[in-house]
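Please read the structure below before turning to the comments.
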Amino acid sequence: MRARALADRWLPKLVLAPTLVASTVFVYGFIALTGYLSLTPSRLMPNFEFAGLANYRDLFDLDRWWTAAANLGIFGGLFIAVSLAVGLLLAILLDQKIRLEGLLRTIYLYPMALSFIVTGTAWKWILNPGLGLEHLVQEWGFADFSFGWLVDPDMAIYCVVIAGIWQSAGFVMALFLAGLRGIDDSIIKAAQVDGASLPRIYWRIIIPSLRPVFFSTLMVVSHLAIKSFDLVMALTAGGPGYATDLPATFMYTMAFSRGQIGLGAASATIMLATVAAIVVPYLYSELRGARR
Amino acid sequence: MMARPRLSPARLLLLGALLLFALFFLAPLYVMLSASLKSMDEIRNSSLLALPASPSLQAWATAWSAACTGTDCGGLKPFFLNSLLMVLPAVGISTALGALNGYVLSKWRFRGSELLFALMLFGVFMPMQVVLLPMSQVLGWLGLASSVWGLILVHVLAGIPSTTLFFRNYYAGLPDELIKAATLDGASFWQIFRRIVLPLSAPILVVTLIWQFTNIWNDFLYGVVFSGADSKPITVGLNNLANTSSSVKEYNVDMAAAMIAGLPTLLVYALAGKYFVRGLTAGAVKG
């Protein structure tokens, strides 16, 4: 009996240990290693000499890096704002006791089950200037219509935005819908009895009470934006030139095809710092909130 | 329950808007599917939205076994098999480990276990770019570079934080009294897990399996960085196929290939969408 009590005390720790060690090394060990690599003159092969902040100086002197960072701003800003707006709109529209709700929800959400590579391949064909959308609209009688965003260095990033929103808006809808279903009906009924109109009820009561859902959705969507890699690779491969590079594709190109490991590591470290600045306070408040 | 409102103009407007959105989401799938059933001649001469005049599976057959991905022209079949070989073990192992971790972290808490969980949780959020370089070193040292086993290891490691999160949150909802009563009856750590906790785990098990399957099947980043010539997963195959520059671009084959790569996860979604949605919402961290 005592042996068993003893076993029950150390067994849980023993069960947790292997994965804990593995994931601690995987997450924190590798973060440290990448951080260190960013301070070395590594090119094709890792080189563990210390070179100070040279890679960061090079990085900040590189046009391509600033293009990638600016693209993340454009893509992230539009993608997040429009996904949230469309998702919230869809959730509110679907919350009006629609008979076909189940079917519509399934349709809005299915893109999320697809790989970004599949989405990217499909949209590349739809948006291509030869036979895609442009061809379709010309056939409808607008012979002068041209739509060459995908091959226009200034506009190609907006193609990535469109495909990204198409993929993620349904996901945002699902999160908001779950939030809407959690709101106490009696508040809404009381407001209706008081003669408030439906839009007013949404604007003044329902949307403000979605605040916590809004924040966790914002977290998830901005996280998706910062990680975006596959979609760009499939849709534009970062081109034309490097016009649609994002930090994630920049890092991949430098580290794995240009033989600039130090520079790649520096860009990865900056990505991590950006994400940590958003996520750590959020996780902290979530976990503290759960303990209360 | 309120009675269903009558069909007023506002109601018609609402339905119209919902249907328009449905069309927006369905259109790319329709275009993909119909293009994959057309010949290249028909694609050049017909509208993007036209139904295929004489549907043919020719493009599907080419995409499956004869399309060129880079220099090699064996279609997507080998990539599809690689993905299967990679996905099945990776999903199984990461789910099993997640269940054990979740069990410990919810029902056998010890000093510091919450902190450990928080540390692990950061792994759900960090940008994976930060582990790519060291991971390829470590896979090299382990002799797993460019192999399916290396990919399995990466997917298991990357998946553990989310699977642990899923199971921990689910098990936290099981009453502690259940565990206490069993302990008083002399049941051990493993007996409680096998006889009490596991039989109650069916819903979260399905959610986690589907979530992991979808994520790992759809992964491109690890696939493109860590795979070798013989272990490339389907997403890498599709991307190579669609970006192979040949004199004549065969869009019908590209679309068929995209459908083939997307079908397994679409199928899972169609059959068990409810559980997939639950995984998505659980992934949005409810502490």
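The values are calculated or read from the model by the stated rules, or taken from the named source; none is laboratory data. Every value quoted in this text rests on a predicted model; they were computed, and no experiment measured them. Ideal geometry is used to build each Cβ from the backbone, glycine not excepted, and the neighbour counts take in all protein chains shown.
Things worth noting here:
- Count - residues of the stretch A:150-206 that are among the β-branched types (V, I, T) and closer than 17 Å to A:V82 by Cβ: 6
- Any hit, the stretch B:219-229, residues being in contact with a helix residue (DSSP H, G or I) (Cβ under 9 Å, 6 or more places away or on another chain), assigned to a loop (DSSP other than H, G, I, E, B) and either within 25 Å of A:A122 (Cα to Cα) or of a type in the set (V, I, T) (or both): yes
- Residues of the stretch A:95-111 satisfying the condition of being at the interface with chain B (Cβ under 7 Å from one of its Cβ atoms) and of a type in the set (A, V, I, L, M): A:I98, A:L104, A:I107, A:L109
- Of the residues making up the stretch B:172-199, just one is away from chain A (no Cβ under 14 Å), under 30 Å from B:Y269 (Cβ atoms) and surrounded by 14 or more Cβ atoms within 10 Å (Cβ to Cβ), namely B:L174.
- Positions within the stretch B:132-154 being in contact (Cβ under 8 Å) with a residue 24 or more places away in the chain and either of a type in the set (S, T, Y) or within 24 Å of A:I226 (Cα to Cα) (or both), in sequence order: B:L132, B:M135, B:S136, B:S146, B:S147, B:L151, B:V154
- Within this structure, B:G237 fails the test of being closer than 21 Å to B:T95 by Cβ, within 10 Å of chain A (Cβ to nearest Cβ) and part of a helix (DSSP H, G or I).
- Checking each residue in the stretch A:135-147 for being among the charged types (D, E, K, R) and within 18 Å of B:M40 (Cβ to Cβ) picks out only A:E139.
- Subset of the stretch B:67-126 that is among the charged types (D, E, K, R) and in a helix (DSSP H, G or I) - its residue that is modelled with the highest pLDDT: B:K77
- Residues satisfying the stated conditions in the stretch A:2-20, i.e. basic (K, R) and within 9 Å of another protein chain (Cβ to nearest Cβ): A:R4, A:R9, A:K13
- So B:L157, is it facing another protein chain (nearest Cβ under 7 Å), in a helix (DSSP H, G or I) and under 18 Å from B:L88 (Cα atoms): yes
- Among (1) within 29 Å of the chain's Cα centre (by Cα); (2) of a type in the set (V, I, T); (3) over 30 Å from B:R11 (Cα atoms); (4) more than 8 Å from every other protein chain (Cβ to nearest Cβ), the one test that A:I92 misses: (3)
- Complete set of residues in the stretch A:241-253 that are farther than 16 Å from A:I226 by Cβ and either touching a Lys or Arg at 6+ places or on another chain (Cβ under 7 Å) or modelled with pLDDT under 90 (or both): A:G241, A:Y242, A:A243
- Residues located in the stretch A:48-61, provided they are within 14 Å of chain B (Cβ to nearest Cβ) and in contact (Cβ under 8 Å) with a residue 60 or more places away in the chain: A:N55, A:L59
- With respect to the conditions (1) facing chain A (nearest Cβ under 10 Å); (2) closer than 28 Å to B:L200 by Cα; (3) in a helix (DSSP H, G or I); (4) out of contact with any Leu (no Cβ under 7 Å at 6 or more places or on another chain), B:S136 falls short on a single one, namely (2).
- Pairs, first within 7 Å of chain B (Cβ to nearest Cβ) and surrounded by 15 or more Cβ atoms within 10 Å (Cβ to Cβ) in the stretch A:21-32, second among the polar types (S, T, N, Q) and not in a helix (DSSP H, G or I), C-beta under 9 Å, six or more apart: none
Each row is one residue, and each column tells you yes or no for (1) farther than 26 Å from B:A229 by Cβ; (2) within 14 Å of chain A (Cβ to nearest Cβ).
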| position | (1), (2) |
| --- | --- |
| B:S56 | yes, no |
| B:W64 | no, no |
| B:C68 | no, no |
| B:N82 | no, no |
| B:L97 | yes, yes |
| B:L100 | yes, yes |
| B:Y103 | yes, yes |
| B:F110 | yes, yes |
| B:L116 | yes, yes |
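- Filter pass, A:G132 being over 30 Å from B:V277 (Cβ atoms) and either crowded, with 22+ Cβ neighbours inside 10 Å or within 12 Å of another protein chain (Cβ to nearest Cβ) (or both): yes
- In the stretch B:217-242, the residues that are within 13 Å of B:A63 (Cβ to Cβ) form Cβ pairs under 6 Å with partners that are surrounded by fewer than 20 Cβ atoms within 10 Å (Cβ to Cβ), at six or more places apart or across chains, as follows: B:I234/B:F80; B:N240/B:G70.
- Applying the criterion of being without any contact (Cβ under 8 Å) to a residue 24 or more places away in the chain and outside any helix (DSSP H, G or I) to the residues of the stretch A:189-228, the residue that is nearest to the other protein chains (Cβ to nearest Cβ) is A:S197.
- Pairs with Cβ under 6 Å, 6+ apart, first in the stretch A:257-285 and within 17 Å of A:W66 (Cβ to Cβ), second of a type outside the set (D, E) and outside any helix (DSSP H, G or I): A:A266/A:S38; A:T269/A:S38; A:M271/B:P127
- Among the residues of the stretch A:33-59, those that are at pLDDT 85 or above and surrounded by 13 or more Cβ atoms within 10 Å (Cβ to Cβ) comprise A:L33, A:T34, A:G35, A:Y36, A:L37, A:S38, A:L39, A:T40, A:N55, A:Y56, A:D58, A:L59.
- Of all residues in the stretch A:235-256 being part of a helix (DSSP H, G or I) and touching a residue at least 40 places away in the same chain (Cβ under 8 Å), the one that is nearest to the other protein chains (Cβ to nearest Cβ): A:P247
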